[in-house]
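In what follows, a single structure is set out as structure tokens and then discussed.
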Amino acid sequence: MTRRVGVVGPGIGRGGLKRHRKMLKDSIHSALSKPAVKRLARRAGVKRISGGVVEEVQSVLRSWLSIVVPRATTYAEHARRMTVTLNDMLLSLKASGITLWGFSERAYKRRKVTQRLPQEDLQAAHAQAVRRAAMAAVREQHQQQPAQRPAVQLEAPAAAPIPPAQQADEMEAGPAVLDAGPAAMLAEEDENQQQVEQPGKEELEAPSGSPSPESPAPLTPERALEIQASLAAFQESIEGEEEPEVLVSRAFHFVQTSLRQRGSSGCSQEDFEAVLVSLERRQALMLTNNDDAGRPVMLVFT
């Protein structure tokens, strides 16, 4: 007997869809098992527990969650959201008489931004930022460089004929000084301009023992933490804004001002971009709208 594909009927294939009703089970027993209760007891300092303690703990937890969870969902529904956030749970616990310190949404975001970054990630991100800056500089130089135009050579005007009597007087007086015309004047002006633009040897050679006071500090994890602290302050300053995206240049200017107010040296653009890229890899923020050289333009805190 050959079976026809796509034909459903009595005795051929499945006889229609079977609808099952999903039965809700008590997930407290699977989530808080006996080993889990023992681990909680060990953390609390309890050495031994009896067998009836596990069921008692599960019943108490079930009754407590039946009060806290519906209240948290009420906060989420009032905010017209489909997801219960950390702030909803904190408000629900506070309404139940339990206040948790250090678990606010602002503190959570600040911990994400101020997490310690490893040296390897900072070095790799800094090398990429330096390459992007070099590419941007070359592209800007090509855009600003004017088109080379052919040089125009000016010819000296023909001198008027000198009478014979005047020629004899000049021969007696000495060699004549001839006027070279505007071409010689232009050549002399170009030579003077090159001497002005070319710096001297004293200007080119800087003292080796005294570094520049504005030179930024090397990018280390400790230096990155200073930049991250200023970046966290910038994040708190833009909490009330409607648009989540902000310009990277705006954040960089804020970080520079904050570092100088704290008495530290300002960071370079490459160091700031290296910190941003390292934080993006850890999902602390998001960089969007890269320019032609691949440098980030917009910043979004997650």
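The values are calculated or read from the model by the stated rules, or taken from the named source; none is laboratory data. Please read these numbers as outputs of a predicted model, since none were measured by experiment. Note: ideal-geometry Cβ built from the backbone for every residue, glycine included; neighbour counts use all protein chains shown. Just so you know, the surface numbers come from the protein's heavy atoms only, side chains and all, with ligands and any DNA or RNA stripped out. Shrake-Rupley method; radii C 1.70, N 1.55, O 1.52, S 1.80 Å.
Where does segment 219-302 land on Rg/Rh, using Cα atoms and the Kirkwood Rh? Reported Rg/Rh (Cα atoms, Kirkwood Rh): 0.94. The trypsin sites (Lys or Arg not before Pro) of segment 245-290 meeting both criteria, a DSSP state outside H, G, I, E and B (loop) and at most 15 other C-beta atoms within 10 angstrom of the site's C-beta, are ARG262, ARG282. A 1.4 Å probe over all protein chains sorts LYS34, LYS94 by accessible area into LYS94, LYS34, starting with the largest. The ARG262 and ALA31 beta-carbon pair, evaluated with R₀ = 30 Å, returns a calculated FRET efficiency of approximately 0.05.
Shown in residue order for segment 128-144 are the 3J(HN,Hα) couplings computed by the Karplus curve 6.51 cos²θ - 1.76 cosθ + 1.60 at θ = phi - 60°: 5, 5, 5, 5, 5, 5, 5, 5, 5, 5, 5, 5, 5, 5, 5, 6, 7 Hz (x for Gly and Pro). Solvent-accessible area of ARG116, all protein chains in place: 140 Å² (probe radius 1.4 Å, heavy atoms, ligands and nucleic acids excluded). In summary, segment 64-145 shows an alpha-carbon radius of gyration equal to 1.98 times the 2.2 N^0.38 Å reference for compact globular proteins. Largest to smallest in accessible area, the residues MET89, MET286 fall in the order MET286, MET89 (1.4 Å probe, all protein chains included).
Computed over protein heavy atoms with a 1.4 Å probe, the accessible surface of segment 223-289 works out to 46 Å² per residue.
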